[in-house]
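Right, one structure below, let's go through it.
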Amino acid sequence: STSLSDHILSLKLNRPSKRNAINNLMLECLANEILAAEANGHVRCIILTGGRDCFSAGSDIKEIQQDGISAIQNKKRMKHWAIIEATQIPIVAAVSGVCFGGGHELVMLCDIVIASEKAIFGQPEIKLGHIPGDGATQRLCRLVGKYAAMKMILTGESVDADTAFSLGLVSEVVDHGYYEDRAREIAQLIALHSGKALGYAKDAINAAYDLPLTLGLERERTNIKLAFSSKDQKEGLAAFFEKRKPNFKDE
């Protein structure tokens, strides 16, 4: 389910009867929402939530049982994951309850993660005789280091919200009654800024995971140059000197 206000798009995983298991159709819907937000041109932040007791139990096991490896490795699914990963719109995840497998792999594509104290994170695929297939073996290592990633993936055991925070898997842990409000607060702080500048910043930070330092710094220089060629940069500077709030147009 979706709603859009004040430059913020709220998306909610909504298959409660299946504990928000991520099937190919759900991924397609998510990718399409992101493409529509990009086409809109004025969405500055996306909030992604699931249920209050279950963010997502993981990939749809029924689909995997039925279709085997092609449930996970098919061109459309990989394209949809790529769209979610490539978006320059910042994504704030609000996570409560179970966040396992493909659900956790989805959260690892988000930019800020607000966890309820009741959130638990895990990659239990090993218990089913296979391994994570939507990026966890690569992204978890980059986020938490080799040993923590090995422990989570090889044991299949989950970690609680506080452990996830200490590992650097989440940005903040907040009271269960407040985690969605907190995600909205963060999204509102982000949405005060130019969509152009936000996109350039997100792109440069993500490049730090992929590129050697010299190439990463090159990306930063490229992106600040692009930011300086925007109307919003001129507006931001003018507003600073005129001691007023900037009126960004995402241009």
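The values are calculated or read from the model by the stated rules, or taken from the named source; none is laboratory data. On a predicted model such as this, the values are computed, not experimentally measured, just so you know. Cβ coordinates were reconstructed from backbone atoms using ideal geometry, including for glycine residues, and neighbour counts include every protein chain displayed. SASA here: full protein model, heavy atoms, side chains in, ligands and nucleic acids out. Shrake-Rupley method; radii C 1.70, N 1.55, O 1.52, S 1.80 Å.
Taking Cα centre as origin and charging only the Cβ of basic (Lys, Arg, +1) and acidic (Asp, Glu, -1) residues, the dipole magnitude of the chain rounds to 380 debye.
Report the calculated FRET efficiency for Thr222 and Ala39 (r = Cβ-Cβ distance, R0 = 30 Å), to the nearest 0.05. Present the calculation step by step, with values, prior to reporting the outcome.
On the way: r = 24 Å, r/R0 = 0.80.
Taking R0 as 30 Å, the efficiency between Thr222 and Ala39 is 0.80.
Computed about its Cα centre, the charge dipole of segment 1-89 is approximately 180 debye, with only Lys, Arg, Asp and Glu carrying charge at their Cβ. Identify which of the listed values of Kirkwood radius over Cα pairs in Å was calculated from the structure shown: (i) 18.4; (ii) 21.0; (iii) 19.0. Of the labelled values, this structure produces (iii).
Counting only helical runs of four or more DSSP H residues, what would the 222 nm mean residue ellipticity of the chain come to if each run contributes -39,500 (n - 2.57) and the total is spread over all its residues?
Numbers: 12 runs with 129 residues, N = 251.
One gets -15500 deg cm²/dmol as the mean residue ellipticity at 222 nm.
Ligands, DNA and RNA aside, Ile126 has an accessible area near 60 Å² when probed at 1.4 Å. How far, in nm, would the chain grow between Glu251 and Thr155 when pulled straight, counting 0.36 nm per residue and subtracting the alpha carbon separation? Extra length from Glu251 to Thr155 when fully extended: 29.7 nm.
Over the chain, give the accessible area per residue in Å² for a 1.4 Å probe, as an integer. Each step should come with its number before you reach the end.
Details: 13320 Å² over 251 residues.
Per residue, the chain has an accessible area of 53 Å².
Once the Cα atoms are used to define both axes, helix 24-40 deviates from the longest principal axis of the chain by about 0 degrees.
Given Cβ point charges of +1 (Lys, Arg) and -1 (Asp, Glu) and nothing else, what value in debye, to the nearest 20, does the dipole of segment 105-235 about its Cα centre take? Let's see the in-between values first.
Details: 15 positive and 19 negative charges, 114 e Å.
Roughly 540 debye, rounded to the nearest 20.
Between the listed residues Leu154, Ile84, Asn247, the Cα displaced farthest toward the positive end of the dipole of the chain, a dipole computed from Cβ unit charges relative to the Cα centre, is found at Asn247.
Find how much the distance from Leu215 to Lys12 grows on full extension, using 0.36 nm per residue of separation minus their present alpha carbon separation; answer in nm with one decimal. Intermediate results must be reported in sequence, preceding the final value.
Numbers: separation 203, 0.36 × 203 = 73.08 nm, distance 3.62 nm.
Value of the extension gain: 69.5 nm.
Give the carbon-plus-sulfur fraction of the accessible surface of the chain in %, rounded to a whole number; probe 1.4 Å, heavy atoms of protein chains only. Don't skip to the answer; put the middle values down first.
Working: 7640 of 13320 Å².
Summing carbon and sulfur atoms, their accessible area is 57 percent of the total for the chain.
At 0.36 nm per residue, and after removing the present C-alpha to C-alpha distance, how many nm does the segment from Lys231 to Ile61 gain when stretched out fully? Before the final figure, lay out each step's value.
Values: separation 170, 0.36 × 170 = 61.20 nm, distance 4.83 nm.
Result: 56.4 nm gained on full extension.
Spatially, segment 36-85 and segment 187-245 are offset by 27 Å when compared through their Cα centroids. The H on the amide N of Asp250, modeled in the peptide plane, is under 5 Å from the matching H of Gly195, Lys196, each at least 5 residues off or on a different chain.
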